[in-house]
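K.L.:
One structure, pasted below without further comment.
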Amino acid sequence: MSIKENTLDTMKQVLFNLQENDVYELVRKALAEGYDPTDIINKGLTPGMVAVGEEFEKYRYYLPELLLCAEIFRASVDIVKPKMKHTGTKNKGTVVLGTIQEDIHEIGKNLVKLIFELAGIEVHDLGIDVPCAKFIEEKSRTNAEIVAASAMITSTVPGLKKLTELVKREAPGTAVMIGGAPVTDSLAEEYGADGFAPDCISAVKVAETLIGSVRAQRSARVPGKQPG
Amino acid sequence: MTSVERVEAAMQLQKADRVPVWIRIIGGLGRVTGVKYGELLQNGELAAKCALETQELFGDDFLYAFLDTLVESDGFGQRTIFLENEAGYADKENFMIQSPDDYSRLQLFDVATAKRCKDLIKMAEIMVSERSKDVPVIAIVQEPLVTLGNMRGIEKLLVDCLRYPEAVRQGVDIVTDLIIDLSHALIGAGVKYMLLCHDYGNRRMLSEELFLKIEKDGLARWHKAVKATGTRIVIHSCGPTPYVDATFTIGEFDCFQLCYLPTGCTNWSEFKNKYGNRICIMGHLVPSEAARMTPKELKRECKNNIEELGPGGGYILAPGCEFPGNASMLNYKALVDSAEEYGRYR
């Protein structure tokens, strides 16, 4: 293993251990020593974040650890960013996100946004209490692959069905993801949604799969292009 | 038996004439009585009237003194935004706790003069004077982290628990003083059961270790203060995988209201065998599922709950949390009817 790889491994490890100041120090040191900023993010910080996400899924880390890791990750990227050359990084997909109309509970939505952005997915966050028409409007503006909405209270859950139906009608070729405490896999199926995830970590995996499917469908529809 | 006798028998882990039942509705009160929900949340007398009428209509075994989870934070000065027909929320643009230093700056206030605490106490007083001879009044206070979350924002609070545990503990201490005062006022009004909303004591929020580090001392102090009055304590923990054993390290409680099983139990009969000689069990209908069921399906689910947890007594049929306000009122009735139809002890 090269010295560089060792440093990036250490970066992954200190992020995994949530040693906040050590992460920043290591990132600054790596930049000063001429490390490629993209490598710092992709080979040092991202594997650390992924490892924390895996621990979260196994209940060895909890929400505070996940949130703190995300904060450290973001602050580290802010340190690295000014040194990055604009190389036109690949867009991993676009999601329009919000809580359904009349629902103001946003912690789950914010977590999903955070984890999506860390995974390289562009998120257009419409905030809370979002009317269905607003989701469609934003989808048209951004050509997002996914419209994602959450509901936290049972009285607002039927709004997710309305949104799913509207997206299918007004924006065919767009995937719908729904979530929130009262939402289940079977309910998502009943509503005709394309994806459901019980937590923010699994939501990324579902979103990546849906983005792949939507892109494949869209490219299949373009004359002369082969499906992916 | 009256509801008072029935519930007390269950709390003493004995059989009553039948399994007691609690619908636990607050969001639905407005719909049942034709009052705007946002209006009743801001008026203790109106809330009491709606709760009394609803209990009379459905005939469940508790009167519930509760407005919302923002009563305590509102008293500290955190602005509450009320909605017409939905629960309100704390003004997230203006959280009172802006930095870790602010936890220790919270000022304890007088529950007798703070508007929303006063409304809650008034609600309890009216219910007690109108019907407590037959139906017990259960009142709720929030564990300190719930109130701190309303004043800091949940995400920031969770990170603070890791980064600045001592600062958060100072906030917990101050809020504990408040919930002791509020509990004493409610008990003074004649409340027989104090329910602690315990949303952070489960695997969805904090690790067991961090939960105990942050809240154990405060909750132990509250437990001691309430127990000293002879009042029974119900722990409400509706999150997945609640920390039941960890909660017992704080003190002995009388009843646990749950939606989901804790670790170490694979089914509810096992849970009953493990804890049934120590606590009265309340639950375990999952509210969102119960709201979507037909009355017939709900009754079948209630029957299963009773068969799992009812034998030998010490069980109260209830949802694991609020019964959703938008559920069919026929489901409220189906829940109460189930206790009568399937919960008779011979």
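K.L.:
Take peptide A:149-155, look around each residue's Cβ out to 10 angstrom, count Cβ atoms belonging to other protein chains, and average those counts.
P.N.:
5
K.L.:
Hey, another quick one. Out of all DSSP beta bridges in the protein assembly as shown, what portion is antiparallel? Express it as a percent rounded to 5.
P.N.:
10
K.L.:
If Lys and Arg each add +1 and Asp and Glu each add -1, what is the summed charge of the other residues whose beta carbon sits under 12 Å from the beta carbon of residue B:102?
P.N.:
+1
K.L.:
Express as a percent, rounded to the nearest 5, the fraction of DSSP beta bridges in segment B:228-346 (both residues included) that run antiparallel.
P.N.:
Given both bridge residues lie in segment B:228-346, the antiparallel proportion sits at roughly 0 percent.
K.L.:
Can you check what the Kirkwood hydrodynamic radius comes to for segment B:16-114, Cα pairs only, in Å to one decimal?
P.N.:
Computed over Cα pairs of segment B:16-114, the Kirkwood hydrodynamic radius comes out at 15.5 Å.
K.L.:
Can you give me the accessible area per residue for segment A:93-220, using a 1.4 Å probe, in Å²?
P.N.:
39
K.L.:
Moving on. For the cross-link pairs B:115/B:192; A:12/B:274; A:161/A:205, which exceed 32 Å when the distance is taken from alpha carbon to alpha carbon?
P.N.:
From the list (B:115/B:192; A:12/B:274; A:161/A:205), the Cα-Cα distance tops 32 Å for A:12/B:274.
K.L.:
Here is a follow-up. Enter the mean number of other protein chain beta carbons within 10 Å of the beta carbon of each residue in A:57-69, as an integer.
P.N.:
5
K.L.:
Around residue A:183, under 13 Å between beta carbons, what's the net of Lys plus Arg minus Asp minus Glu among the other residues?
P.N.:
-3
K.L.:
Summed for both chains, how many Å² of accessible area, to the nearest 100, are buried between A and B with a 1.4 Å probe?
P.N.:
Summing both sides, the interface buries roughly 2100 Å².
K.L.:
Please list B:303, A:205 in order of solvent-accessible area, largest first, computed with a 1.4 Å probe with all protein chains present.
P.N.:
Reading off the accessible areas and sorting them downward yields A:205, B:303.
K.L.:
Measuring from centroid to centroid over Cα atoms, what is the spacing of segment B:44-122 and segment B:198-221 in Å?
P.N.:
22
K.L.:
Can you give me the pair-distance distribution of segment B:3-342, C-alpha pairs, 10 Å bins, whole percents?
P.N.:
Each 10 Å bin holds this share of Cα pairs: 6, 27, 36, 25, 6, 0.
K.L.:
Still on this model: Longer than 26 Å from Cα to Cα, which of A:58/A:134; A:92/A:134; A:134/A:168; A:29/A:113; B:156/B:224 are they? Say none if no pair is.
P.N.:
From the list (A:58/A:134; A:92/A:134; A:134/A:168; A:29/A:113; B:156/B:224), the Cα-Cα distance tops 26 Å for A:58/A:134; A:29/A:113; B:156/B:224.
K.L.:
For segment A:93-220, place one equal point scatterer on every Cα, skip the solvent, and apply the Debye formula. What is log10 of I(q)/I(0) at q = 0.11, 0.15 Å⁻¹?
P.N.:
The computed values of log10 I(q)/I(0) come out as -0.29, -0.57.
K.L.:
On to the next question. For residue B:285, what residues show an amide H to amide H distance below 5 Å, using hydrogens built from the backbone and excluding near sequence neighbours?
P.N.:
It is B:318, B:320, by chain and number.
K.L.:
Students often forget the sequence filter, so: which aspartates and glutamates lie under 12 Å Cα-Cα from residue B:92 once same-chain residues fewer than 8 apart are removed?
P.N.:
A:106, B:155
K.L.:
OK, next. Just the accessible area for residue A:105, please: 1.4 Å probe, Å², rounded to the nearest 10?
P.N.:
Its heavy atoms expose roughly 70 Å² to the probe.
K.L.:
Quick check: convex hull over the Cα atoms of the protein assembly as shown, volume per residue in Å³, rounded to an integer?
P.N.:
Looking at the protein assembly as shown, the number lands at 160 Å³ per residue.
K.L.:
Report, to the nearest whole %, how much of the accessible area of chain B belongs to carbon and sulfur atoms, 1.4 Å probe, protein only.
P.N.:
48
K.L.:
Once you average over the residues of A:128-139, how many Cβ atoms of partner chains fall within 10 Å of each Cβ?
P.N.:
Mean number of neighbouring Cβ atoms from other chains: 0.
K.L.:
At a 10 angstrom cut-off on C-beta neighbours, averaged per residue, how do the peptides B:147-160, B:76-89 rank from highest to lowest?
P.N.:
In decreasing order of mean packing, B:147-160, B:76-89 become B:147-160, B:76-89.
K.L.:
Then there's this: Considering only the other residues whose Cβ falls under 13 Å of the Cβ of residue B:187, what net charge follows from Lys and Arg at +1 and Asp and Glu at -1?
P.N.:
Here the charged neighbours net out to +1.
K.L.:
Now for a separate question. Run the simple label-point estimate for residue B:14 and residue A:168 please: 7 Å along Cα→C-beta, distance reported in nm.
P.N.:
So the label points at residue B:14 and residue A:168 sit 5.7 nm apart.
K.L.:
Reachable aspartates and glutamates from residue A:85, Cα under 20 Å, same-chain residues fewer than 8 places away excluded?
P.N.:
A:33, A:36, A:39, A:117, A:122
K.L.:
Turning to a different aspect of this structure: Per-residue counts of other Cβ atoms within 10 Å, averaged by peptide: what ranking do you get for A:31-38, B:188-195, A:145-152, A:161-168, highest first?
P.N.:
Per-residue Cβ counts within 10 Å, averaged per peptide and sorted highest first, yield A:145-152, B:188-195, A:161-168, A:31-38.
The values are calculated or read from the model by the stated rules, or taken from the named source; none is laboratory data. Model, not experiment: these values are computed from the prediction. Virtual Cβ from ideal backbone geometry, glycine too; neighbours counted across all protein chains shown. These accessible areas exclude ligands, DNA and RNA; they are computed on the full protein's heavy atoms, side chains included. Shrake-Rupley method; radii C 1.70, N 1.55, O 1.52, S 1.80 Å.
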